[in-house]
Each structure stands twice: as structure tokens, then as C-alpha cells.
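Here the structure comes first, spelled out in C-alpha cells, and everything after it is commentary.
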Amino acid sequence: MAQEVTGIEQRIGRLAVTTGDGASYGADAILLATGSTYRRLEVPGEDDFIGSGVHFCATCDGPFYKGRDVVVVGGGNSAAEEAAFLSGIVNHVTVLVRGPELTASKIAREKLPTYPNVTIRLNAEVAGFEGSGRLAAVRVRDMASGAEESLPVAAAFIFIGLSPNTGFLGGAVDLDANGFITTTDTMATNIPGVFAAGDCRHGSTKQIASAVGEGATAAIMIRSFLSMGEQSRGGGED
């Protein structure tokens, strides 16, 4: 318990998992299910207000802001979907998009502007968060002019992507350009006996239901992998 995994490696005939306390654990198979972490803006005040006005899940925390004004930060599908969800709860949603346009799907780009209580602001970035104890305003910078303003809001919902928790792998398995683990359709990585499932895997939908399904698939494939290993050593059943 409470051990940080620092790496995995192939050894003669086996796999090994190393941990922060210097220990090494041998294994015939490994399942990587390390998930991912919400990306942060890394601006002043963000850490101070996480859970007190700065959130990363509208369905979880949106209902706390019924009838109030909020901002959604991001221009992709997640930001558009969460803004649409929030529009049915809060008084007004301002969507802050750092680029010149939304990067969400065509359907989302066309539908989001039709919500009467949603305002989309392009070329707008968050310069900081303000408040005393709880979030009171978002500092917004215009990317074109550089001008800043303080936008009073009760909450800010950040949807600028996910970072996979795969830094400890150090290239031990193949990763995509964003650090997600690449696998086959059966959750196998490029290393025999090493599988991956859930949000850390390239192509995953970042939903708990699909992550559970991937975990079940990986478990079945691991059982099959171990069974074939037993048979190759002459220990399998007839």
C-alpha cells in the first residue's frame, strides 16, 4: 500500500515492477491502469480555489451553482458538452476559448451558440483567479490586445484536456505523442505480458463505464496469456 511505482522492465523470462522504496516485484503479467489527470492552467490562484470555485467536473459540481454565473475554460468537445449541461442549471455560462475558434465537433460548434444563456468568447485566456476564501472572479486576457478584465463568476470549470499518468514508464512501453499507452484491441502493449486499460490508454473514451469494460477485457487476455505460458512450460491442462 502507498507505494509509488517508478518503472517496469523486462528481465530474463519475467517482468519486474520497481517502487519508490527500492523494492522490485517479479511478475508474469502486468496491467497498467494508472488513469489520467486533468490538465491545469497553471495560473495564479488556481491551486487556491480548487474545490472552492475551480472545478474539473460539471456533472459533479455544477448543481452547487444553480442560478449563478460560471465560466467554462476550453474549446474542445468536453468543454462544449459541459457548457451545454451547465446551461440547464446556472444563470449564465461564459465559455473562454484561447484560440480563434472552437475545436469541438461540427455539431457542438453549431449547437452551443444557440443556447440563450451561453456566451462564447474567442481569443480569451485565463490570466488568474481572484477571491477571498472562495472564487469571486476570473482574470481574463484578450489574446489580440493584451487587455485584461476581471469577470465576476461563482465558479470556473476547466476542460483543457487530460495528461496520462505514465511518466514513470520512461519509454518502457510504446506511448503516443501525448504520452498515452498504445495497445492492440485486446489491450496488449508492445511488451508481451504487459497490458493497459482505462484513461491511460490511447483511444480510450475517458469514461468510467468503458474503463471498467477495458479492465475486464484486459483481465481475460491476461488469463489467456498466463495460460499459454503454463502450457509452454508443460503445466497446462489437457
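The values are calculated or read from the model by the stated rules, or taken from the named source; none is laboratory data. What you see is a predicted model; the values in this text were computed from it and never measured. So basically every Cβ, Gly included, is an ideal-geometry build from the backbone, and we count neighbours across all protein chains shown. Remember, those area values only see protein heavy atoms, side chains included, never the ligands or the DNA or RNA. Shrake-Rupley method; radii C 1.70, N 1.55, O 1.52, S 1.80 Å.
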Any idea how far apart residue 117 and residue 224 come out in nm if each label point goes 7 Å out from Cα toward Cβ? 5.0
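Roughly to the nearest percent, how much of the accessible area of the chain is carbon and sulfur, given a 1.4 Å probe? Each step should come with its number before you reach the end.
Working: 6670 of 12860 Å².
The computed percentage sits at 52.
What FRET efficiency, computed as 1/(1 + (r/R0)^6) with R0 = 25 Å and r the Cβ-Cβ distance, is obtained for residue 16 and residue 178, rounded to the nearest 0.05? Walk me through the numbers on the way to the answer.
Details: r = 27 Å, r/R0 = 1.06.
E(calc), rounded to 0.05, equals 0.40.
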Using the heavy atoms of the protein chains and a 1.4 angstrom probe, tell me the accessible area per residue for the stretch 89-169 in square angstrom. 49
Please work out the Cα convex hull volume for the stretch 1-97 and give it in Å³ per residue. 168
Once amide H atoms are placed 1.01 Å from N in the peptide plane, what residues at a sequence separation of 5 or more from residue 119, or on another chain, have their amide H within under 5 Å of its amide H? 93, 94, 95
Out of 30, 158, 208, any idea which swings most in a Gaussian network model of the chain, alpha carbons joined below 10 Å? 208
Cys residues of the chain counted as unpaired, since no other Cys beta-carbon is under 4.7 Å: 200
Within a Gaussian network of the chain (alpha carbon springs, distance under 10 Å), most fluctuating of 89, 12, 181: 12
In terms of the charge dipole of the chain, which places +1 on Lys and Arg and -1 on Asp and Glu at the beta carbon, the residue among 30, 13, 196 farthest towards the positive end is 196
Span from the the stretch 85-110 Cα centroid across to the the stretch 53-80 one, whole angstrom: 10
Please report the Cα spread of the stretch 133-238 along all three principal axes, rounded to whole Å, starting with the longest. 74, 26, 24
State, to one decimal in nm, how far the label point of residue 149 lies from the label point of residue 39, with both points 7 Å from Cα in the Cβ direction. 2.6
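What net charge is computed for the residues neighbouring residue 162, neighbours being all others with C-beta under 10 Å from the C-beta of residue 162, Lys and Arg scored +1, Asp and Glu -1? Don't jump to the answer; show the numbers that get you there.
Values: positive: 39, 206; negative: 199.
Spelling it out: positives minus negatives among the neighbours equals +1.
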Pull up all non-local amide H partners of residue 136: gap of 5 or more, or a different chain, and H-to-H distance under 5 Å with H placed in the peptide plane. 130, 131
